[in-house]
Amino acid sequence: MKYQLPDDLAEMPCQPCEIRFPKYALPMTIGKAESEEAAARIISFSQEAGEWTGVSWNQIIKMMKRDYEDYDEKDPRAEPPFSGIFLSGPRYVVIGIQELLEKDFLRKEKDTAEGTDVFYPTPYLIDFLLSCQTGR
């Protein structure tokens, strides 16, 4: 399911594709690896959609399950992908989301039809990440 941004968040400072990062990593930006991975995961949904969108808990959980499944299918001697969930479990991303909410980098709204919370990146987060990328 795709969640459109609420009207008051629609004025983003750039398009999702303008935030560049390796898979699930925004190193040296927000200050804590958990927050950086959570933000990268949430932004990756918008990048795939080609527009800013919200992300539900259900979508985040499916993403992490898919990562575990993809890794399990590989050579058992292979190194896990660069993600904190392989060291600390899914709680790693949960902690990151909580930290992003505390900093007003995300907004949480309830989707009563689906019975889940939806997280929306805020212009504050995107502007902050742009400033890190451009050195502003």
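The values are calculated or read from the model by the stated rules, or taken from the named source; none is laboratory data. All values reported here derive from a predicted model rather than from experimental measurement. Please note: Cβ atoms are built from the backbone with ideal geometry, for glycine as well, and neighbour counts cover all protein chains shown.
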| request: Return yes or no: is E99 surrounded by 12 or more Cβ atoms within 10 Å (Cβ to Cβ) and either in contact (Cβ under 8 Å) with a residue 60 or more places away in the chain or of a type in the set (S, T, N, Q) (or both)? | output: yes
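Let's see how each residue does on (1) touching an Asp or Glu at 6+ places or on another chain (Cβ under 9 Å); (2) under 18 Å from Y124 (Cα atoms); (3) among the charged types (D, E, K, R); (4) modelled with pLDDT of 75 or more:
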site	(1), (2), (3), (4)
M1	yes, no, no, no
A10	no, yes, no, yes
P13	yes, yes, no, yes
W52	no, yes, no, yes
D75	no, no, yes, no
P81	yes, no, no, no
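What number of residues within the stretch 16-33 are modelled with pLDDT of 80 or more, in a loop (DSSP other than H, G, I, E, B) and either surrounded by 17 or more Cβ atoms within 10 Å (Cβ to Cβ) or touching an Asp or Glu at 6+ places or on another chain (Cβ under 8 Å) (or both)? Give the steps one after another, and end with the answer.
Start the filter on the stretch 16-33 by keeping residues that are modelled with pLDDT of 80 or more, which leaves 16-21, 29-33.
Remaining after also requiring in a loop (DSSP other than H, G, I, E, B): 19-21, 29-32.
Next, only the ones that are either surrounded by 17 or more Cβ atoms within 10 Å (Cβ to Cβ) or touching an Asp or Glu at 6+ places or on another chain (Cβ under 8 Å) (or both) stay: 19, 21, 29-30, 32.
Selection size over the stretch 16-33: 5.
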| field | Residue pairs meeting the criteria (Cβ under 7 Å; at least 6 apart or on separate chains; first over 13 Å from E99 (Cα atoms) and in contact (Cβ under 8 Å) with a residue 60 or more places away in the chain, in the stretch 31-50; second among the β-branched types (V, I, T) and buried (at least 18 other Cβ atoms within 10 Å of the Cβ)) | value | I42/V55; I43/I19; S46/T53
| remark: When the stretch 106-126 is checked residue by residue, the ones that are within 16 Å of I43 (Cα to Cα) and either over 15 Å from the mean Cα position of the chain (by Cα) or among the polar types (S, T, N, Q) (or both) are T122
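Would you be able to tell me the number of residues in the stretch 81-111 that are part of a helix (DSSP H, G or I) and either more than 22 Å from M1 (Cβ to Cβ) or small (G, A, S) (or both)?
Step one: of the stretch 81-111, the residues part of a helix (DSSP H, G or I) are 85-88, 91-102.
With the extra rule that they be either more than 22 Å from M1 (Cβ to Cβ) or small (G, A, S) (or both), the set shrinks to 85-88, 91-92, 95-96, 98-99, 102.
The total comes to 11.
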| task | List the number of the failed condition for R66; all other conditions in (1) buried (at least 17 other Cβ atoms within 10 Å of the Cβ); (2) more than 19 Å from P123 (Cα to Cα) hold. | result | (1)
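State all residues of the stretch 112-136 that are of a type outside the set (A, V, I, L, M), in contact with a Ser or Thr (Cβ under 6 Å, 6 or more places away or on another chain) and outside any helix (DSSP H, G or I); if no residue qualifies, say none. Give the derivation first.
Going through the stretch 112-136, the residues of a type outside the set (A, V, I, L, M) turn out to be 112, 114-117, 119-124, 127-128, 131-136.
Now drop any that are not in contact with a Ser or Thr (Cβ under 6 Å, 6 or more places away or on another chain), which leaves 116, 132.
The one that is of a type outside the set (A, V, I, L, M), in contact with a Ser or Thr (Cβ under 6 Å, 6 or more places away or on another chain) and outside any helix (DSSP H, G or I): T116.
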| query | When the stretch 93-111 is examined, which residues are found to be of a type outside the set (F, W, Y) and either within 10 Å of A39 (Cα to Cα) or touching a Ser or Thr at 6+ places or on another chain (Cβ under 7 Å) (or both)? | reply | V93, G96, I97, E99, L100, D104, L106, R107, D111
| When residues of the stretch 112-136 are filtered for being under 19 Å from Y3 (Cβ atoms), without any contact (Cβ under 8 Å) to a residue 60 or more places away in the chain and among the β-branched types (V, I, T), how many remain? | 1
